[in-house]
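The values are calculated or read from the model by the stated rules, or taken from the named source; none is laboratory data. Keep in mind the model is a prediction, meaning the values are calculated, not measured. Heads up, the Cβs are rebuilt from the backbone with ideal geometry, glycines too, and the neighbour counts pull from every protein chain shown. Accessible surface areas use protein heavy atoms only, side chains included; no ligands, DNA or RNA. Shrake-Rupley method; radii C 1.70, N 1.55, O 1.52, S 1.80 Å.
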Amino acid sequence: MNEADIAAFLKKLSSSKSLKETRKESFFSELHSLLASGLDFSHAFRLLIDGENDDNFRTVLDRLYADVVAGSSLWQALEGCGRFSALDCGVVRIGEETGRLSDSLAFLVDYYREFGFEVVSGEYLDGGIPHYKMLLRN
């Protein structure tokens, strides 16, 4: 595998359907702040949608909101969207089922701030298999 193949692979990963960790951290942080301030879910989510400048992410938020309004729980909407990890969906599910959604969102914010990984360089192990060093984001 040469450098061009590695660069193409990394580009494909970054353009995949899933959201980047920093984007998820921002989403969970903003929703947590709005809910913790006392806003109801519907009003908080509408504020997120109205304040979103990225058209692609606004579409994701619109779909999530529509799914919740149609009767899905937030974790089901996240799962159905296909852009959130099983961890994201599971933590939100626990928060919804225990009545502690705000705490669950705070956990996800902390998780992505502390454990969000970034690929910073590559080196080859025995057999020429690419291995990427992962550094914790600070």
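At a glance:
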| read-out | value |
| --- | --- |
| Region 34-53, residues that are open to solvent by less than 40 Å² (accessible area, probe 1.4 Å) and among the charged types (D, E, K, R) | Glu52 |
| Residues that are assigned to a helix (DSSP H, G or I) and either in contact (Cβ under 8 Å) with a residue 24 or more places away in the chain or in contact with a Cys (Cβ under 6 Å, 6 or more places away or on another chain) (or both), drawn from region 74-97 | Leu74, Trp75, Leu78, Glu79, Leu87, Asp88 |
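This table checks each residue for (1) of a type in the set (Val, Ile, Thr); (2) modelled with pLDDT of 85 or more; (3) over 16 Å from Ser29 (Cα atoms); (4) over 13 Å from the mean Cα position of the chain (by Cα).
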{"site": "Leu61", "(1), (2), (3), (4)": "no, yes, no, no"}
{"site": "Leu78", "(1), (2), (3), (4)": "no, yes, no, no"}
{"site": "Leu108", "(1), (2), (3), (4)": "no, yes, no, no"}
{"site": "Gly116", "(1), (2), (3), (4)": "no, no, no, no"}
{"site": "Tyr124", "(1), (2), (3), (4)": "no, no, yes, yes"}
{"site": "Pro130", "(1), (2), (3), (4)": "no, no, yes, yes"}
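Condition check ((1) open to solvent by 20 Å² or more (accessible area, probe 1.4 Å); (2) at pLDDT 95 or above; (3) in contact with a helix residue (DSSP H, G or I) (Cβ under 6 Å, 6 or more places away or on another chain)) across all residues:
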| site | (1), (2), (3) |
| --- | --- |
| Asp55 | yes, no, no |
| Leu64 | no, yes, yes |
| Val68 | yes, yes, yes |
| Gly71 | yes, yes, no |
| Leu74 | no, yes, yes |
| Gly82 | yes, no, no |
| Leu87 | yes, no, no |
| Arg93 | yes, yes, yes |
